[in-house]
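Shown next, in C-alpha cells, is the structure this report addresses.
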C-alpha cells in the first residue's frame, strides 16, 4: 500500500532563494514559463516567468547542454544553472543555464506581446483574451493586490472576533427588493440571485454577534459605466452591540489601516511593478451628506440640483474637496436621505428624513455603503408598512427580530472598485478577472 | 470636521479576560444576549450568550440596582458586575451583577428551547427556523468549525505560493457540460450558473502557476439524499509544474494536517462543545479504484456489479476497510475510469481506460475530486472530438492551452461535507447555514 504523508520537497529554487545574498555560484533547478527570448548571437537572454516574478536566464553557446532553438516563448520548462550576479538583470542576478527540460510547449506563437512592460492593446482585446493578456506582469500584479485586500479584510476581522459565513446565492426573494434581480427557475419554483447577503448577515448577528462574508453578488442593473459590474465580489460585515453607526466607520477605518500595512509588508513587489503609492487611512474625515453637497457646491460652483441624491460628478467633487482641504483620499459621507436607503436602514431619530448611514468615497468614488440597521421588531414592521411593502417572503428574517436582536450595523465593500482605485485604474473591468457587464458574458 | 481614526476601545470585557487567573474581584462591563434565566428565589442565574461563549451572571436580591423581572430571555444587555470564582459555573467563574442596561428586547418568547444543550427538534424545524435554532450553542459551534476549515485552506495555500482568485458564477457555458446546470436569462442572452470554477482556475494556472478559490457552486442535480446540496461551497485549488497527480494528493494531505492543527489550536472550545475527536491525516493510504473495489468486495462479500462505477454503499465499505485494516479515516482512491471523468481529465498513458485522478474518501464519503488535467492543446482537442463534444463556447479556455500551459492538476473539496464528517453529523444540511435542495429555497 502506498501512503501520502505530505508535500515532498523537490528542491526547486524559488526566486527568493535565487536572489539571496549568499546564492552566488550555487547550482540550482527552477521552473517557469519562457516569457521572452532575446537572442544576441553568442549569448541569449531567456526570461522565465514564475509566480513570484521574472528570472533572467542566460544561454551561452557551448556552456549549455542544449540548443537555443529548442526553446520557445510560451513553453514551460525546468532549468538547471548557476547563479551569478548581474547588475543589469531584474533583482541583480541571472542564471547561467546548463540544462533544460521542456515540460510543455505551446501550439502557436502568442497573439499578444505579453512580455512588453505595458500591454499596448485595448481593454476590449485584453478582456477577450483574458487567459493570455493576464500573463503580462503588470496585468497580473493587479490581482495580487486584490488578493491582499481580501486577505487583509478576513485576517483583520478574525482578529476582531468576527465569524466567517457562507450564505446562499440562490433565494426566493431579494434583500433590497424589486427590479435589479436576476431571475431563474429553481426546480419549477421562481428564484432570484442574491444582490447582497444583507438579510443573512443580519440574521447571523443574532447568532455570532459579528459576521463577515466575501462572495459574489449579482445586480441586474442596466448601467453601462466604467464603475458598474453586474456580478462583483462584495466584502460584507455585520456587527452587533454597536453604540452607533460610527462604530462601523471606525471598524472600516481600522480595516483600511490593517490592509494597507499588509500590502506594504507582503505585496511590495506588486506595488513596485504597478508604481503604486498607497493612500493613508489614519484619519478619515466624516461629513454629513447635506454638508458635503454644500461644501462641494460652494467651492466648485456647481449648483445642487437634487438635495436628496448624490450624482457621480458630485461624488467626484466631494472627493476632490477633501483631498484639497484635508489631504485625505477617503471621506465618509454620512446621514443619507431615508428615501434613498433600504427599509432596514435606521432613520435618524433627530430627523427621520435622514438615516444613520454612510458611504465611503475613495478618490471621489463610492466603494462602501453601510450604516446602522433597525433592530426593533415593531419599528421594522412599521417601516415596511410605511413603505407599502409586503412581509411575504421575509418571515424568517423578521423572526430574527421578533425573538431578539442586538443593536447592529454593517457595510459592504466593492472589491473590484477598491482594487481599481488602489491600482490607479479608471475602469473597474481592469481589476476584474472576468467581468460581467451588459454586453459581456464570456470568457 | 469629525475624523475617524480607528476602533475606539470600549472597555467591554470578553470571556477570556473574565476567566483569566487574576480576574477575581475585578469589576467589569460586558455585553451579550440573555440565553436563559434560572430563578432560584433569592438568587437567580442569568446566562449570557456571547460570541466567545456562555457567561454565568448572578442576580442577588438587594445587591443589584435593578429588578430581575426587568430581564427577559432573548434580550440583549450590557452588564456591570464583579468577577468571582464559582466551580460549578461554566469556565469556573461568574459575574455578580450590580447593573444592567437593556439594549434591545424581543417581541415574543423564543419558540425553541435554544438554551438546552441539545436542540430537541427535527432537522426540518431547525432549518425552517434557522436564525433562531442556530442560537443554540452546539448548532452554532459547527459553523465555527466550518470557518476553521476554510481559514486553514486559505492560510495554508498562501504559504504555498497560491494566489486567490474570484471567478464569475454567471457564464455562457458550464465546465462539465450538459444537464446539471441552472439556467437564467442574462439581458436576453442564455446563461448558466457555474457548476465549478474548473475552466477559470485552469486558465489562471497559466498566469499565477498556483491558484485557489473558495466560493459557491451550483448543481441542478435532482438528487435528494443526505449528502447532496444544489448549492454548496467549494474549496478549489489548481497548481502547475506538477510531476504527477500524486503532487495534488500530497498537497491535500498537507492541507488536512495544517487545518487539523489549526482547529486544535484555535477552535478548542468548539471541539469540546461538539465532543469532536479530530481524525489523523499524517499517513493516508492511496489505492487504485479497481483494487479498492476488489478489497472491499472480498472482505465484506458484496458482489461488484459495475466495474466502472463506485456506488455510495461501496464507498462506505472502502472507507470501512481502510479504517479497519489501516486505522485511517481517510483514503485516496485513484485511477477512476475515464468514462466517469470529464474530458479535461488526463488519461493514464499506461491504460487510457483509466485517468490520473483521485477522490478522497473521509469515513466512506467522497469529500474531494481531483487529478491531473490535460495540458497539451492537441491532446485536448482530440479528447473533445473523441467524446463528440463541441468546442463552441470554449474558445478562450482552449486558447490558454494553444498558447502554452504547464503540466497541472487540482482538486475541489466540498466544504459542507467535510464539516459534516468532522462534526460527526450524517446529513449535510446539518452543516450548511442555509441549505438549498430540491425542496428548499428558504430561508
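The values are calculated or read from the model by the stated rules, or taken from the named source; none is laboratory data. Predicted model only: the values in this text are computed from it and were never measured. Heads up, the Cβs are rebuilt from the backbone with ideal geometry, glycines too, and the neighbour counts pull from every protein chain shown.
Values computed for the structure shown
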{"read-out": "Some residue of the stretch B:188-196 being more than 9 Å from chain A (Cβ to nearest Cβ) and without any contact (Cβ under 8 Å) to a residue 12 or more places away in the chain", "value": "yes"}
{"read-out": "Test: residue in the stretch A:398-407 that is in contact with a helix residue (DSSP H, G or I) (Cβ under 9 Å, 6 or more places away or on another chain), away from chain B (no Cβ under 13 Å) and either surrounded by fewer than 24 Cβ atoms within 10 Å (Cβ to Cβ) or farther than 30 Å from residue B:165 by Cα (or both)", "value": "no"}
{"read-out": "Hey, residue A:210 under 30 Å from residue A:119 (Cβ atoms) and buried (at least 20 other Cβ atoms within 10 Å of the Cβ) or not", "value": "no"}
{"read-out": "The stretch B:363-395, residues that are modelled with pLDDT under 95 and within 13 Å of chain A (Cβ to nearest Cβ)", "value": "B:392, B:393, B:394, B:395"}
{"read-out": "Residue list for the stretch A:3-25, filter: free of Cβ contacts under 8 Å to residues at least 24 places away in the same chain, more than 34 Å from the chain's Cα centre (by Cα) and surrounded by 15 or more Cβ atoms within 10 Å (Cβ to Cβ)", "value": "A:4"}
{"read-out": "Test for residue B:160: is it more than 20 Å from residue B:201 (Cα to Cα) and either buried (at least 20 other Cβ atoms within 10 Å of the Cβ) or more than 7 Å from chain A (Cβ to nearest Cβ) (or both)", "value": "no"}
{"read-out": "Odd one out for residue A:432 among (1) crowded, with 24+ Cβ neighbours inside 10 Å; (2) over 21 Å from residue A:131 (Cα atoms); (3) in contact with a strand residue (DSSP E or B) (Cβ under 9 Å, 6 or more places away or on another chain)", "value": "(2)"}
{"read-out": "Restricting the stretch A:61-71 to residues that are closer than 25 Å to residue A:112 by Cα and surrounded by 15 or more Cβ atoms within 10 Å (Cβ to Cβ), the residue that is farthest from the other protein chains (Cβ to nearest Cβ)", "value": "A:68"}
{"read-out": "Residues being within 14 Å of chain B (Cβ to nearest Cβ), without any contact (Cβ under 8 Å) to a residue 24 or more places away in the chain and under 32 Å from the mean Cα position of the chain (by Cα) - total across the stretch A:105-117", "value": "2"}
{"read-out": "Selection status of residue B:442, closer than 30 Å to residue A:173 by Cβ and modelled with pLDDT under 95", "value": "yes"}
{"read-out": "Residue satisfying condition, being more than 11 Å from chain A (Cβ to nearest Cβ), at pLDDT 95 or above and either more than 26 Å from residue A:407 (Cα to Cα) or under 35 Å from the mean Cα position of the chain (by Cα) (or both), within set B:28, B:46, B:77, B:58", "value": "B:46"}
{"read-out": "Pick from the stretch B:198-216, criterion at the interface with chain A (Cβ under 10 Å from one of its Cβ atoms) and in contact (Cβ under 8 Å) with a residue 60 or more places away in the chain, ranking: farthest from residue A:179 (Cα to Cα)", "value": "B:209"}
{"read-out": "Strands (runs of 3 or more DSSP E) contained entirely in the stretch B:338-393, each with at least 3 residues that are surrounded by 23 or more Cβ atoms within 10 Å (Cβ to Cβ) and in contact (Cβ under 8 Å) with a residue 12 or more places away in the chain", "value": "B:357-362, B:365-373"}
{"read-out": "Residue in the stretch B:296-318 that is farthest from the other protein chains (Cβ to nearest Cβ), counting only those that are out of contact with any strand residue (DSSP E or B) (no Cβ under 7 Å at 6 or more places or on another chain) and under 25 Å from residue B:250 (Cβ atoms)", "value": "B:310"}
{"read-out": "Identity of the residue in the stretch A:171-185, crowded, with 20+ Cβ neighbours inside 10 Å and in a strand (DSSP E or B), that ends up farthest from the other protein chains (Cβ to nearest Cβ)", "value": "A:171"}
{"read-out": "Filter result for the condition that a residue is more than 9 Å from every other protein chain (Cβ to nearest Cβ), touching a helix residue (DSSP H, G or I) at 6+ places or on another chain (Cβ under 6 Å), closer than 21 Å to residue B:36 by Cα and at pLDDT 95 or above, over B:102, B:83, B:145", "value": "B:83"}
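Residue by residue, here is whether (1) under 30 Å from residue A:115 (Cα atoms); (2) within 13 Å of another protein chain (Cβ to nearest Cβ); (3) in contact (Cβ under 8 Å) with a residue 60 or more places away in the chain holds:
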site: B:238; (1), (2), (3): yes, yes, yes
site: B:267; (1), (2), (3): no, yes, yes
site: B:270; (1), (2), (3): no, yes, yes
site: B:279; (1), (2), (3): no, no, yes
site: B:282; (1), (2), (3): no, yes, no
